[in-house]
Amino acid sequence: MYIGIASDHAGFEMKQQVLALLKELGYDFKDFGTYSADSCDYPDFAHPLAYAVEEGSVDCGIALCGSGNGISITLNKHQGVRSAICWNKELAALARQHNNANILTLPARFITFENAVEIINTYLTTPFEGGRHQRRVEKIPCK
């Protein structure tokens, strides 16, 4: 699985820890930035991640910002993206099972790294259930 990852300055520190976790778990990844804790604008990193998910150059993504809101709103402007903000593993499981979320968004200022590990592991290992949920997911894009 090839994972794209992006953050703003508020998510930078946790993103660095997540990158080390992904490497330790044997996942391949592409880091779309930011590359420092200097103040920056989350759309500058969200859009490249979203394009990569849409075109299939990454299988899924992980995004981080302070609250998770700004970067997730930006990601979800893309027709091929289903970003879900998750602050516990139960939400991550449902985001995959019911919504087939292709980007996990973490609120870096509101969770610990230990929480992030549980959330990420759940997200990456939970399959989409399909069935009645497939019909709903197909209705998400504006036509």
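The values are calculated or read from the model by the stated rules, or taken from the named source; none is laboratory data. Source: prediction; values computed, not measured. Cβ atoms come from the backbone with ideal geometry, glycine included; neighbour counts cover every protein chain shown. These area figures cover heavy atoms from the full protein model, side chains too; ligands, DNA and RNA do not enter into them. Shrake-Rupley method; radii C 1.70, N 1.55, O 1.52, S 1.80 Å.
Between the helical axis of 43-55 and the dominant principal axis of the chain, each derived from Cα atoms, what acute angle in degrees is found, rounded to the nearest 10?
40 degrees
Measure of size requested: the Rg and Dmax of segment 1-84, with Cα atoms as the atom set and Å as the unit; please supply both.
Cα-based Rg and Dmax for segment 1-84 come out at 11.6, 32 Å.
Compute the acute angle (0 to 90°) between the alpha-carbon long axis of helix 113-125 and the principal axis of greatest extent of the alpha-carbon atoms of the chain; round to the nearest 10°.
Between the helix axis and the principal axis of the chain, the angle is about 30 degrees.
When the accessible area of the chain is computed with all protein chains present and a 1.4 Å probe, what percentage of it is carbon and sulfur? Walk me through the numbers on the way to the answer.
On the way: 3610 of 7240 Å².
Reported share for carbon and sulfur atoms: 50 percent.
With all protein chains present, calculate the accessible area of D28 using a 1.4 Å probe and round the result to the nearest 10 Å².
100 Å²
Can you bin every Cα-Cα distance in segment 1-46 into 10 Å intervals starting at zero and give me the percent of pairs per bin, rounded to whole numbers?
The calculated distribution, bin by bin, is 30, 53, 17, 0.
Where both partners of a DSSP beta bridge lie in segment 1-128, what percent of those bridges are antiparallel, to the nearest 5? Walk me through the intermediate numbers first.
Working: 0 of 17 bridges.
Approximately 0 percent, going by the DSSP bridge assignments.
Output the 0 to 90 degree angle, nearest 10, between the alpha-carbon long axis of helix 89-99 and the longest principal axis computed from the alpha carbons of the chain.
Roughly 40 degrees, rounded to the nearest 10.
Pairs to check: K23/K89; K30/K143; K30/K139; K15/K89; K77/K143; K30/K77. Give those whose C-alpha atoms are more than 25 Å from each other in this structure.
K30/K143; K30/K139
Based on the alpha carbons, how large is the Rg to Rh ratio for segment 70-120 when Rh follows Kirkwood?
Radius of gyration over Kirkwood radius for segment 70-120 works out to 0.97.
Whole number in Å², please: accessible area per residue of segment 54-137, 1.4 Å probe, ligands, DNA and RNA not counted.
For segment 54-137, the solvent-accessible area averages 46 Å² per residue.
Cβ under 12 Å from K89's Cβ, K89 left aside: what net charge do those residues give with Lys, Arg +1 and Asp, Glu -1?
Here the count lands on -2.
Thinking of the chain as a set of Cα atoms, what percent of all their pairs are more than 25 Å apart? Don't jump to the answer; show the numbers that get you there.
Values: 1736 of 10153 pairs.
More than 25 Å apart: 17 percent of the Cα pairs in the chain.
Excluding T126 itself, what net charge comes from residues whose Cβ is under 13 Å from its Cβ, given Lys and Arg +1 and Asp and Glu -1?
-1
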